[in-house]
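Presented below is the structure to which this report refers.
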Amino acid sequence: MALFGRDKICGVVAASTARGALRQLEVALRRTRTVELRLDWLPNDAEISKFLGILGIRKLAKGATFIATCRRRAARGRYAGTIGKQLLHLSNAIRAGCAWYDLEIESAAECPSELLDALLGEGRHLASAHFFRSLPGNLNRVVRELSRHQPDAIKIASQSDTLAEARALLRTARNRRNVVAVPMGEVALPARILALRDNSALAYAPVENATAPGQVPLADLVEVYRAPQISSRTRVHGLIGNPVAHSLSPHLHNAGFRARRIDAVYLPFLVRNLRDFLAAIGPMKIAGFSITIPHKQAILRHLDGCDPLARAIGAVNTVVVRANGKLYGYNTDYVGVLRTLEHRMPLANSRVLILGAGGAARAVAFALAQSGASVCITARRPHKAEELAGAAHGQAVPCSRLRREFFDAIVNTTPVGMHPHTNESPLTTRELNCRLLFDTIYHPRVTRLMQLARRRGIETVSGIEMFVAQGTAQWEIWTGERAPMVAMRAAVEDALARESQGKTAAQK
């Protein structure tokens, strides 16, 4: 059995009332039997005592492993009381049914071992250190300091601004059975999910409220990423870009793996430094990845080979990591455009305006040109529009002329209007002179641009069509199997629906 019980996914209960904490606890126990109770999130000593009293009365600890935490403000927790009262709460938590207590290094440094044994000796000790600014220079020294009181396990949580830093932290757990390694921050999110594969004793996930940067909600960790099933044999795929937090690609691809019972996981990689990600491909055993803004063109110079069509387009959105570590690129945006538009309008001899001149715009322009359409490009930077128009044998159209021009279709490939900037639009109502508007943004499903078009009676097409089409093509390249398109599309639509419901509930 694992050090903390049968489940290595630790649900984090953090609420502002005893009743709220109890409700979160019940939710957590539906997905895992290992739970951290953040007592310091409760507002005062009375509310902590109230919650622990309920915990003891209800005997919820049966069959589960509880870790009590009452982190003081000195360690970036919320508890404002003295160390003495902190230890008293942890002692009461043990009596209420908590098998473990987490005591941060700041408090432990001021407590004699004899006092800890007297107050907390019946519980198992998790000694923790948190570094919210940067990775400490000497991790071995941190391990030695945490081990001074001979705890049952140690935890090191550190901000990791690069994948290299996250991997360094995970190495502290690789050859030890009693270490919890927690990379923090958005860049380190994939490493946080893969920590169990590197022998970390736990992976934390909040039920509702995040207690550290880069945490993945418990429901997503278990149901979207299937973290409890991740092992050393699990194939890793992912999305690289900046930003990536809005992306529903993990829902799409992981639903496909689940439907076909493939041992693989798809993760979002926030990549600010492309070389940092490339250096992590081998160590993190990444088998393939998708690419979004702003790396679709920059990735080309790092590839060992490329599909001729992707090379001609000058942008790649899909990479396969071959057995020898070589990187081979493809472009499935091209497929997504054609599958989306072909059955809605005749492309040959049509006049289509493309907004933008980035990687996605290049795929759209080449797909339309190959289908016989007359391609027009407008972009914030005119020289980029002229460059793409030349490559696609099209025409650059200045923004100032849009009110006087008419197109069979307009395709938006810019990120303007993407979540969370949902009130923005790349065009005004008077610039929308077309029969059909296709917005490649899928989050939100109905963008501000689409709303403006509908008011003018223009047919609109959501980016979800292209998103699913290009994504399933990626999935098939990586797996060599036919994609379960119904299951993959349903996962995306379900995620969008749940987000919409959450926003509606929040507004009430």
Filter result for Leu436 (within 23 Å of Glu465 (Cβ to Cβ) and assigned by TED's automatic domain parsing to the domain that holds Asn349): yes
Report the residue count in segment 368-386 for those that are more than 19 Å from Leu309 (Cβ to Cβ), in contact (Cβ under 8 Å) with a residue 12 or more places away in the chain and assigned to a helix (DSSP H, G or I). 3
Only one of Arg454, Arg489 is closer than 22 Å to His251 by Cβ and modelled with pLDDT of 95 or more. Can you tell me which? Arg489
Report whether or not Val416 is under 22 Å from Leu338 (Cα atoms), surrounded by fewer than 21 Cβ atoms within 10 Å (Cβ to Cβ) and assigned by TED's automatic domain parsing to the domain that holds Thr378. no
Leu90 in a helix (DSSP H, G or I), at pLDDT below 95 and over 26 Å from the mean Cα position of the chain (by Cα): no
Of the residues in segment 327-362 that are of a type outside the set (Ser, Thr, Tyr) and touching a Gly at 6+ places or on another chain (Cβ under 7 Å), the one that is surrounded by the fewest Cβ atoms within 10 Å (Cβ to Cβ) is Ala348
Just name the residue that is surrounded by the most Cβ atoms within 10 Å (Cβ to Cβ) out of those in segment 211-225 that are in contact with a Gly (Cβ under 7 Å, 6 or more places away or on another chain) and within 17 Å of Glu186 (Cβ to Cβ). Gly214
Given (1) touching a helix residue (DSSP H, G or I) at 6+ places or on another chain (Cβ under 8 Å); (2) touching a residue at least 40 places away in the same chain (Cβ under 8 Å); (3) more than 26 Å from Leu278 (Cα to Cα), index of the condition Ala315 fails: (3)
Any idea how many residues of segment 226-242 are under 19 Å from Ala28 (Cβ atoms), of a type outside the set (S, T, N, Q) and either outside any loop (DSSP other than H, G, I, E, B) or in contact with a Gly (Cβ under 6 Å, 6 or more places away or on another chain) (or both)? 2
Among the listed residues Ala15, Ala108, Ala68, Ala21, which satisfies the condition of being touching a residue at least 40 places away in the same chain (Cβ under 8 Å), surrounded by 15 or more Cβ atoms within 10 Å (Cβ to Cβ) and farther than 19 Å from Ala153 by Cβ? Ala15
Take segment 4-24 and flag every residue that is modelled with pLDDT under 95 and within 11 Å of Ile67 (Cβ to Cβ). Phe4, Gly5
When the residues of segment 71-85 are narrowed to those that are within 16 Å of Ser128 (Cβ to Cβ) and more than 27 Å from the chain's Cα centre (by Cα), which ends up surrounded by the most Cβ atoms within 10 Å (Cβ to Cβ)? Tyr79
Taking segment 452-491 and keeping residues without any contact (Cβ under 8 Å) to a residue 12 or more places away in the chain and within 28 Å of Asp408 (Cα to Cα) leaves Arg454, Gly457
Residue that is in contact with a Lys or Arg (Cβ under 9 Å, 6 or more places away or on another chain), assigned by TED's automatic domain parsing to the domain that holds Asn209 and surrounded by fewer than 18 Cβ atoms within 10 Å (Cβ to Cβ), where the choices are Asp45, Asp40: Asp45
Touching a residue at least 24 places away in the same chain (Cβ under 8 Å), more than 15 Å from the chain's Cα centre (by Cα) and outside the structural domain of Arg144 (by TED's automatic domain parsing): which single residue out of Ala264, Ala168 fits that description? Ala264
Of (1) within 23 Å of Pro268 (Cα to Cα); (2) touching a helix residue (DSSP H, G or I) at 6+ places or on another chain (Cβ under 7 Å); (3) buried (at least 21 other Cβ atoms within 10 Å of the Cβ), Gln297 fails just (3)
Residues that are surrounded by fewer than 20 Cβ atoms within 10 Å (Cβ to Cβ): find the strands (runs of 3 or more DSSP E) completely inside segment 119-202 holding 1 or more of those. 124-131
Residues satisfying the stated conditions in segment 25-53, i.e. in a loop (DSSP other than H, G, I, E, B) and either over 16 Å from Arg71 (Cβ atoms) or under 27 Å from the mean Cα position of the chain (by Cα) (or both): Leu29, Arg30, Arg31, Thr32, Arg33
From Arg445, Arg435, grab the single residue that is of a type in the set (Lys, Arg) and part of a loop (DSSP other than H, G, I, E, B). Arg445
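The values are calculated or read from the model by the stated rules, or taken from the named source; none is laboratory data. Being a predicted model, the structure only gives us computed values, none of them experimental. Ideal geometry is used to build each Cβ from the backbone, glycine not excepted, and the neighbour counts take in all protein chains shown.
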